[in-house]
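Asker: A single structure is presented below for examination.
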Amino acid sequence: MTRADALAEELLSEGIRGMKIWPFDPYAPATGGQRIGLEELDRGLEPFRKIRQAVGNRMEIMVEGHGLWALPAARRIAQAVEEFEPLWIEDL
């Protein structure tokens, strides 16, 4: 998650046009997935920013939530990633 930009560029060079990422997972245990704070949400969005800055919309982004989040937190995450136009959001 720290080098999402470099990974996106590398994958594109290999002809891979999609990445599935799970940058919010580290924040779920603190609240049992019941909520995510604005700071954690912002940190979780960093890989999205890096991918879009590095390769624009040439890379599809899929979001994996591993079923860790309760509905209010899942909705907050889904709304936050909307601007990055994920292909899908799974198991939030």
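Laboratory data are not the source of any read-out in this text; all were calculated from the coordinates shown. Bear in mind the structure is a predicted one, so any value in this text is a computation, not a measurement. Don't worry about glycine lacking a Cβ; one is built from the backbone with ideal geometry, like all the others, and counts go over all protein chains shown.
Asker: Given A78, I21, L11, which one lies farthest toward the positive end of the charge dipole of the chain, if we put +1 on the Cβ of every Lys and Arg and -1 on the Cβ of every Asp and Glu?
Answerer: A78
Asker: For R49, put the label point 7 Å out on the Cα→Cβ axis and report which residues of the range 73-87 keep their amide N under 18 Å from it.
Answerer: Residues 77-86 qualify, since their backbone N sits under 18 Å from the label point.
Asker: When Lys and Arg each count +1 and Asp and Glu each count -1, what net charge do the other residues less than 15 Å away from W88, Cβ to Cβ, add up to?
Answerer: -4
Asker: By how many degrees, 0 to 90 and rounded to 10, does the Cα axis of helix 71-81 deviate from the longest principal axis of the chain?
Answerer: 30 degrees
Asker: Pairing the Cα long axis of helix 4-13 with the longest principal axis of the chain, what angle in degrees results, from 0 to 90 and rounded to the nearest 10?
Answerer: Roughly 40 degrees, rounded to the nearest 10.
Asker: Using a 10 Å cut-off on Cβ atoms, rank the peptides 34-45, 5-16 from the highest mean neighbour count down.
Answerer: In decreasing order of mean packing, 34-45, 5-16 become 34-45, 5-16.
Asker: Can you figure out the FRET efficiency of D42 with L11, using R₀ = 22 Å and their beta-carbon distance, to the nearest 0.05?
Answerer: Efficiency computed from Cβ-Cβ geometry: 0.35.
Asker: Can I ask one more? Enter the angle in degrees (range 0 to 90, nearest 10) between the Cα long axis of helix 38-55 and the first principal axis of the Cα atoms of the chain, meaning the one along which they spread out most.
Answerer: Helix 38-55 and the main axis of the chain meet at about 10 degrees.
Asker: Would you work out the charge dipole size for the range 1-75 about its Cα centre, treating the Cβ of every Lys and Arg as +1 and the Cβ of every Asp and Glu as -1, and quote it to the nearest 20 debye?
Answerer: The dipole of the range 1-75 has a size of about 200 debye.
Asker: Right, here's the next one. Mind jotting down the distance between the C-alpha centroids of the range 30-64 and the range 71-92, whole Å?
Answerer: Cα centroid to Cα centroid, the span is 9 Å.
Asker: Around D42, what is the net charge, scoring Lys/Arg as +1 and Asp/Glu as -1 over all other residues with Cβ under 14 Å from its Cβ?
Answerer: Cβ neighbours under 14 Å give a net charge of 0.
Asker: Given 0.36 nm per residue, what is the gain on full extension from D91 to Q34 after removing their alpha carbon distance, in nm?
Answerer: Result: 19.1 nm gained on full extension.
Asker: Expressed in nm², what is the orientationally averaged projection area of the convex hull enclosing the Cα positions of the chain?
Answerer: 5.2 nm²
Asker: On to the next question. Tally Lys/Arg at +1 and Asp/Glu at -1 over every other residue whose Cβ is under 15 Å from the Cβ of P26; what's the total?
Answerer: -4
Asker: While we're looking at this one, here's another question. Could you work out [θ]222 nm for the chain from helices alone, using -39500 (n - 2.57) per DSSP H run of at least four and dividing by all its residues? Round to the nearest 500 deg cm²/dmol.
Answerer: Value at 222 nm, helices only, nearest 500: -13500 deg cm²/dmol.
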